[in-house]
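*Asks:* Quick one: the structure is below, and I'll ask about it shortly.
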Amino acid sequence: MANFGIAGLDWQQRINWDRLRKYRLERARERMKAAGLGAMLLMYDENCRYVTGTLTPGWNRLKPGLRYALLCGDDAPVLFEQGDLGFQIERHSPWIPKDHVRWSYAWIKGAAGPASLSQVKKFTNAIKQEMKKAGVEGRKLGVDFVDINMIQVFKDEKIDWTDGMTPMMEARAVKNVDEQEALRMVGAIGDAAHWEFMKFLRPGLTENKLTAHIMEFLYSVPGMEDVEDVIVSSGPNTWPNWRNFSDRIIKPGDIVFMDLAALTWNGYKSCYYRTYCAGKEPTQEQKDVYATALKWLYDSIKAVKAGTTTREIASKWPSAKEAWGYAEEDQAAANLWGHGLGLAQYDQPVISRIWSLDHPVEIKEGMVFALETQHGKMYEWGVRIEEMLIVHKDRVEIISSFPVEQITVVDPMPGYSTLAGR
């Protein structure tokens with residue numbers, strides 16, 4: 001559970017944001033050097049935030065190049081902010097040295113048209129200048145994003161570039177005590193959101209109205225930056241799980257599930273499913289299917305410990321053919337699933353029978369991830385459940401606390417018929 005409140009106080013040590021920022025920066029620098037890189041160019045939001053501690057506004061996300069950061073050797077990170085927004089960085093983020101804030105050279109994924117190439121040339125020259133200032137000119141540059149324009153200009157300018165995403169994934173995978181507490185807070189907010197969903201759910205509402213209500217609830221929480229998605233599926237939409245919401249009306253007796261994918265509190269994200277039944281008790285068949293999915297989930301949780309691998313976790317799940325008669329594992333992608341949580345919803349490790357059996361990844365102390373399972377009856381109903389957890393040296397801490405032992409029944413109607421065909 002979250003140990004402290006949301007606000008910062010002078011009389012109680014809570015999340016130490018300064019310590020968190022320093023940890024993330026030095027962790028990224030450590031992995032950069034371990035990969036033999038002289039610098040890393042970071043254009044994805046989560047990586048830019050990880051090393052600079054600055055916020056990418058919502059309209060700016062998913063547009064690599066509007067803003068980006070460069071980490072060179074032992075120097076402080078250089079932030080290339082869009083336009084004149086750098087002046088606000090001086091106010092809001094004083095840990096970035098003023099002489100390390102620049103304006104960016106963007107081409108907006110090619111939307112600049114014929115100007116894109118000249119913009120990339122300016123972009124590249126600025127990168128070269130910063131590497132020269134930091135004494136890493138000519139050394140290998142790691143990048144987390146590249147497009148066709150960058151490839152050509154980097155070649156022309158003889159920039160020796162390589163994979164910079166892997167070192168950043170390795171850095172982000174292990175969370176310090178402050179990041180862990182931030183993710184406990186995410187879990188606590190998720191608990192509250194599921195409780196609110198339970199109170200609000202009733203037959204007659206639509207999936208999108210339920211989604212809107214939880215969105216409104218979440219955005220009222222201090223520190224909430226973004227709600228990437230709230231998935232509400234009901235009845236036949238729950239199996240196969242199309243991971244979306246619509247204007248379908250909830251009927252009495254419908255199975256409904258809700259996923260917080262992902263509420264974003266101070267940058268840190270959730271993924272948190274629970275299953276409900278609206279207006280009546282679930283059938284015995286539904287209870288049995290839920291019990292199977294719950295067993296799959298907790299069998300995999302029990303396999304989690306520092307020093308084991310993702311193979312041991314994924315092997316606790318049945319094959320796609322055994323569970324659903326599918327021809328290969330990729331057809332069941334995300335049905336039995338695990339993924340890291342942090343500044344991105346997909347930190348390491350990502351766990352699946354698709355790849356974890358043959359390409360295992362070590363589970364390390366400080367990893368935070370979600371495990372999720374689902375099962376159902378084609379085009380009729382399905383169940384899905386998920387837990388978020390922190391890996392400690394000698395134990396696993398579950399940070400999602402809404403009841404999970406059975407389907408959550410909402411306002412059952414006494415005497416509701418359970419005759420066949422209902």
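The values are calculated or read from the model by the stated rules, or taken from the named source; none is laboratory data. None of these values were measured; they are calculated from a predicted model. Cβ sites come from the backbone with ideal geometry, for glycine too, and all protein chains shown count toward neighbours. Side chains included, ligands, DNA and RNA excluded: accessible areas come from the protein's heavy atoms. Shrake-Rupley method; radii C 1.70, N 1.55, O 1.52, S 1.80 Å.
*Asks:* List the aspartates and glutamates whose alpha-carbon lies under 16 Å from that of LYS155, not counting same-chain residues fewer than 8 positions away?
*Replies:* Reachable aspartates and glutamates: GLU137, ASP147, ASP163.
*Asks:* I want to verify a result. In a Gaussian network model of the chain, Cα cutoff 10 Å, which of these has the top mean-square fluctuation: SER352, SER93, SER270?
*Replies:* Judging by the Gaussian network model, the answer is SER93.
*Asks:* Between beta-carbons, use under 11 Å as the cut-off and find the net charge around GLU157, counting Lys and Arg +1, Asp and Glu -1.
*Replies:* Values: positive: LYS121, LYS128, LYS155, LYS158; negative: ASP156, ASP160.
Charge balance in the 11 Å sphere: +2.
*Asks:* If a paramagnetic tag sat 7 Å from the Cα of ARG202 along the Cα-Cβ line, which residues of segment 280-302 would have the backbone N under 16 Å from that point?
*Replies:* Residues 280 qualify, since their backbone N sits under 16 Å from the label point.
*Asks:* Output the 0 to 90 degree angle, nearest 10, between the alpha-carbon long axis of helix 116-133 and the longest principal axis computed from the alpha carbons of the chain.
*Replies:* 70
*Asks:* Just going by the charge dipole of segment 276-422, with Lys and Arg at +1 and Asp and Glu at -1 on Cβ, which of GLY307, TYR326, TRP296 is farthest out on the positive end?
*Replies:* TRP296
*Asks:* How much accessible surface does HIS100 have with a 1.4 Å probe, in Å² rounded to 10?
*Replies:* So the heavy atoms of HIS100 present about 30 Å² to solvent.
*Asks:* With all protein chains present, how much of the accessible area of the chain (probe radius 1.4 Å) comes from carbon and sulfur, to the nearest whole percent?
*Replies:* Details: 9960 of 18770 Å².
Roughly 53 percent, rounded to a whole number.
*Asks:* Given a Förster distance of 56 angstrom, what is the FRET efficiency for TRP195 paired with ASP156, based on the Cβ-Cβ distance and rounded to 0.05?
*Replies:* Working from the Cβ atoms, E equals 0.45.
*Asks:* Same structure again: Whole number please: convex hull volume per residue, Cα atoms of the chain, in Å³.
*Replies:* Per residue, the Cα convex hull of the chain comes to 161 Å³.
*Asks:* In segment 360-422, if the dipole is taken from +1 on Lys/Arg beta carbons and -1 on Asp/Glu beta carbons about the Cα centre, which of GLY376, PRO403, PRO360 is farthest to the positive end?
*Replies:* GLY376
*Asks:* Between GLU137 and ARG395, take the C-beta separation as r, use R0 = 41 Å, and let me know the FRET efficiency to the nearest 0.05.
*Replies:* 0.30
*Asks:* Note down the relative contact order for the chain as a percent, whole number, built from C-alpha pairs under 8 angstrom at least six residues apart.
*Replies:* It rounds to 15 percent for the chain.
*Asks:* Taking a threshold of 18 Å on the Cα-Cα distance, which of the pairs LYS22/LYS133; LYS63/LYS109; LYS295/LYS316 fall above it?
*Replies:* Violating the 18 Å Cα-Cα cut-off are LYS22/LYS133.
*Asks:* Using the heavy atoms of the protein chains and a 1.4 angstrom probe, tell me the accessible area per residue for the chain in square angstrom.
*Replies:* Numbers: 18770 Å² over 422 residues.
With all protein chains present, the chain gives 44 Å² per residue.
*Asks:* ASP99 to ASP330: extension gain in nm, 0.36 nm per residue of separation minus the Cα-Cα distance?
*Replies:* Full extension from ASP99 to ASP330 adds 78.3 nm.
*Asks:* Just grab the label-to-label distance for TRP11 and ALA212, each label 7 Å out from Cα along the Cβ direction, in nm (one decimal).
*Replies:* The answer from the label model is 4.3 nm.
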